[in-house]
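Here it is, the structure in full.
The values are calculated or read from the model by the stated rules, or taken from the named source; none is laboratory data. In this text, all values refer to a predicted model and were calculated from it rather than measured experimentally. Using ideal geometry, Cβ is built from the backbone for each residue, glycine included, and neighbour counts are taken over all protein chains shown. Heavy atoms of the whole protein, side chains included, go into the accessibility calculation; ligands, DNA and RNA do not. Shrake-Rupley method; radii C 1.70, N 1.55, O 1.52, S 1.80 Å.
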Amino acid sequence: MIWTRQKERGSVAALRLMAWIVTRLGYGFGYALLWPIALYFFLSSPRQRQAVRQFQRRALGREPGIADLFRTFFVFSATLLDRLFLLGNRFKDYELRVFGLDLLNERIARGEGCILLGAHLGSFNAMHAVADTGCPVEVVALMHTQNATKSASFFAELDPRQAAAIIPLGQPDAMLRAKECLERGGLVGILADRTPGTGKVTRVPFLGDPAAFPLGPHILAGVLGAPVMIAFGVWTGRRRYEVHFEPFADRITIDRRDRQAQLEQVAARYAARIEQIARRFPYNWFNFYDFWEEMDA
């Protein structure tokens, strides 16, 4: 099943209720509620639970137990709770450990812009929180938004400024807006681990078995012609995150004579690094769908 066809769980009303609770009763009360909320989604989501099991067998190198499976649902719920605070710039009580920021700042100082390749690992908002503490340049994100319209509309109400920084992929002006941001020395984030069901893909080794990865983000990075870094922010405990910025390529240059092979090499290198991160932070993997396309076989 392609992830874009997977129905979004939850409702805007539930998100608003959670926001009301944590606003009135505080973070501690909201955190306590995560346990029954995560348990509800864990018990009522058999297909997503099976997808987590499919991943954890490979990432952990053993058969995952109930606690392993539940932990992923809990960590995902925790990042949503934290999003309510991080979007509102209320991160003074958070511990954000940042690695590689000096390397990113070097590129910012040169005024050449930078592409940040991410994945559905941890919290993108943790990286936004780092930017909000003093990033001197514009930050935008190219994203597929069609499968999460409920949550997107809710968080857009919560923080219109960050909602305006999301460029939906598939819109006619998406490439132009990203290029203009880079020309102004800004940062453009792209999640490069999910295949949207259209466009070019390649199957490369990932956690021991071939998995489909999109070529589109790497084609886009090549066309935009900016330096590329891998970026991710992972949940490590209550109000604690690690944010990492790592060099990936000075430029992604593709020779037309050997275009497909070169793109596949870039995608394989990206997948290999994401694999290392996923093994290190296995409970931050938030692809709740049939990543290896084997559940319906």
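Any idea what log10 I(q)/I(0) is at q = 0.07, 0.08 Å⁻¹ for the chain, Debye with uniform C-alpha scatterers and no solvent?
With one equal scatterer per Cα and no solvent, log10 I(q)/I(0) is -0.25, -0.34.
Follow-up question, since we're still on this one. Evaluate the charge dipole of the chain about its Cα centre and quote only its size in Debye, nearest 20, assuming +1 on the Cβ of each Lys and Arg and -1 on the Cβ of each Asp and Glu. It would help to have the intermediate numbers written out before the result.
Working: 37 positive and 29 negative charges, 116 e Å.
It comes to approximately 560 debye.
Would you work out which of S44, Y241, Y270 lies farthest towards the positive end of the dipole of the chain? Charges go on Cβ: Lys and Arg +1, Asp and Glu -1.
S44
Note down the accessible area of H244, probe 1.4 Å, to the nearest 10 Å².
20 Å²
Another question, then. Accessible area of the chain with a 1.4 Å probe: how many percent of it is carbon plus sulfur?
55 percent
Sort E293, E112, E242 from largest to smallest accessible area, using a 1.4 Å probe on the heavy atoms of the protein chains. Display every interim value, and only then the final one.
Numbers: E293 110, E112 55, E242 20 Å².
Result, largest first: E293, E112, E242.
Okay, next question. For the chain, what is the percent of antiparallel DSSP beta bridges, rounded to the nearest 5? Don't skip to the end; give the middle numbers.
Numbers: 16 of 37 bridges.
Close to 45 percent.
Something else: Amide H to amide H under 5 Å from V139: which residues, 5+ apart in sequence or cross-chain, H placed 1.01 Å off N in plane?
L187
T236's amide H: which non-local residues (gap 5+, or another chain) put their own amide H closer than 5 Å, with H modeled 1.01 Å from N in plane and none for Pro or chain starts?
Amide H to amide H, under 5 Å and 5 or more residues apart or across chains, T236 pairs with Y241, E242.
Could I ask something else about it? Could you work out how much longer the chain between Q265 and Y31 gets when fully extended? Use 0.36 nm per residue separation minus the Cα distance between them, nm to one decimal.
Contour length minus the Cα-Cα distance gives 80.0 nm.
Next question, about the same structure. Rank S45, S123, S77 by mean-square fluctuation in a GNM of the chain with C-alpha springs under 10 angstrom and give only the top-ranked residue.
S45
Let me ask you something else. Compute the length gained on full extension between R62 and A14: take 0.36 nm times their separation in residues and subtract their Cα-Cα distance, giving the result in nm to one decimal. Don't skip to the answer; put the middle values down first.
Values: separation 48, 0.36 × 48 = 17.28 nm, distance 3.54 nm.
Contour length minus Cα-Cα distance gives 13.7 nm.
In whole Hz, with x marking every Gly and Pro, tabulate ³J(HN,Hα) for the range 69-86 from phi via Karplus 6.51 cos²θ - 1.76 cosθ + 1.60, θ = phi - 60°.
Those phi angles translate into 5, 4, 4, 4, 5, 5, 4, 4, 4, 5, 5, 5, 4, 5, 4, 4, 8, 5 Hz.
Hey, can you grab everything whose amide H is under 5 Å from the amide H of L169? Only 5+ residues off in sequence or another chain; H modelled, so Pro and N-termini drop out.
Excluding prolines and chain starts, which carry no amide H, the hits are M143, H144, T145.
Could you give the accessible area per residue of the chain, probe 1.4 Å, as a whole number in Å²? Intermediate values should be presented prior to the final figure.
Details: 13840 Å² over 297 residues.
Heavy-atom accessible area per residue stands at 47 Å².
If you plug each phi of the range 58-68 into the Karplus form 6.51 cos²θ - 1.76 cosθ + 1.60 with θ = phi - 60°, what whole-Hz ³J(HN,Hα) values come out, in order, with x for Gly and Pro?
Going residue by residue, I get 7, 6, 8, x, 7, 6, x, x, 4, 4, 4 Hz, with x marking Gly and Pro.
While we're on this one: Which net charge results when you count Lys and Arg as +1 and Asp and Glu as -1 among the other residues whose beta-carbon is under 14 Å from that of Y31? Intermediate values should be presented prior to the final figure.
Numbers: positive: R83, R238, R239, R240; negative: D82, D93.
Summing Lys/Arg as +1 and Asp/Glu as -1 gives +2.
Taking θ as phi - 60°, what are the ³J(HN,Hα) couplings along the range 224-238 by the Karplus curve (6.51, -1.76, 1.60), each to the nearest whole Hz, with x for Gly and Pro?
Whole-Hz 3J(HN,Hα) from phi for the range 224-238: 6, x, 10, x, 10, 10, 8, 9, 7, x, 10, 6, 10, x, 4.
For the range 35-120, which trypsin sites (Lys or Arg not before Pro) are in a loop by DSSP, counting at most 16 other Cβ atoms within 10 Å?
Counting only loop positions with at most 16 other Cβ atoms within 10 Å, the trypsin sites (Lys or Arg not before Pro) in the range 35-120 are R62, R90, K92, R110.
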